[in-house]
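Below: one structure, written as structure tokens.
The values are calculated or read from the model by the stated rules, or taken from the named source; none is laboratory data. Keep in mind that what you see is a predicted model, and the values were worked out from it rather than measured. With ideal geometry, Cβ positions are generated from the backbone for all residues, glycine too; neighbour counts draw on all protein chains shown.
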Amino acid sequence: MAPRIRKTLLVIHIVASVALVGEVWGLVALNTAATLTEDLELAHTAYRLMPTLVFAGGIPLSLTALATGITLGLGSHWGLIRHYWVAAKLVLLVAVIFVGMFLFDPEGMAAATAGAGQTLAARQWGQVAVLATQIAMLLVAATLSVFKPRGKLR
């Protein structure tokens, strides 16, 4: 891969990954606020806003990070599954995507807070935990990118 193309892809990958951390952090803050408030209308509004953040930010950013990461892995000396840290980053990003797809449910939470219905605190905190797990996985991936621990896969 030509150096300019590799550097351009690297910049896109870094920006998308960092923006994804920010987007998920925003969801953590919004979800925590919805969980802690006594104002059911405010909680409902927060949950209704979350899908917009997911579709405008989370999905495009995670897919951009995934596509550029795979391209960089295949087109550089690091390889896609040659080094433990690269393979771990790939697994972590795919896990972030799957956790978001299958465990994060802002639409369900919005429905639960519609009208006079009360949501269960455990369900609300469960949604915060899902997002906190995503943040943790993204931060581990960022740490792996910086420290690049030794070790190759066979």
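Let me confirm something: among Glu23, Glu38, which residue is under 13 Å from the mean Cα position of the chain (by Cα) and among the charged types (D, E, K, R)?
Values: Glu38 fails: under 13 Å from the mean Cα position of the chain (by Cα).
Sole residue among the options that is under 13 Å from the mean Cα position of the chain (by Cα) and among the charged types (D, E, K, R): Glu23.
Determine whether Gly126 is over 19 Å from Thr68 (Cβ atoms) and exposed (fewer than 14 other Cβ atoms within 10 Å of the Cβ). Even if it seems obvious, please write down each step before you answer.
Details: over 19 Å from Thr68 (Cβ atoms): yes; exposed (fewer than 14 other Cβ atoms within 10 Å of the Cβ): no.
Criteria not met by Gly126.
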- One residue from Leu103, Leu20 being closer than 28 Å to Gly151 by Cα and at pLDDT 95 or above: Leu20
- Task: Can you tell me which residue among Leu74, Leu10 is touching a residue at least 24 places away in the same chain (Cβ under 8 Å), assigned to a helix (DSSP H, G or I) and over 16 Å from Val128 (Cα atoms)?
- Result: Leu10
- Are any of the residues in segment 58-67 out of contact with any Asp or Glu (no Cβ under 6 Å at 6 or more places or on another chain), assigned to a helix (DSSP H, G or I) and at pLDDT below 95? no
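Consider Leu61 carefully, then state whether it is closer than 22 Å to Val96 by Cβ, among the aliphatic types (A, V, I, L, M) and within 14 Å of the chain's Cα centre (by Cα). Can you show your working first?
On the way: closer than 22 Å to Val96 by Cβ: yes; among the aliphatic types (A, V, I, L, M): yes; within 14 Å of the chain's Cα centre (by Cα): yes.
Yes, satisfied.
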- Here the residues within segment 70-110 that are crowded, with 19+ Cβ neighbours inside 10 Å, over 18 Å from Val140 (Cβ atoms) and not hydrophobic (A, V, I, L, M, F, W, C) are Pro106
- Note on the structure: Just one listed residue, out of Thr64, Thr37, is in contact (Cβ under 8 Å) with a residue 40 or more places away in the chain, surrounded by fewer than 19 Cβ atoms within 10 Å (Cβ to Cβ) and polar (S, T, N, Q), and it is Thr64
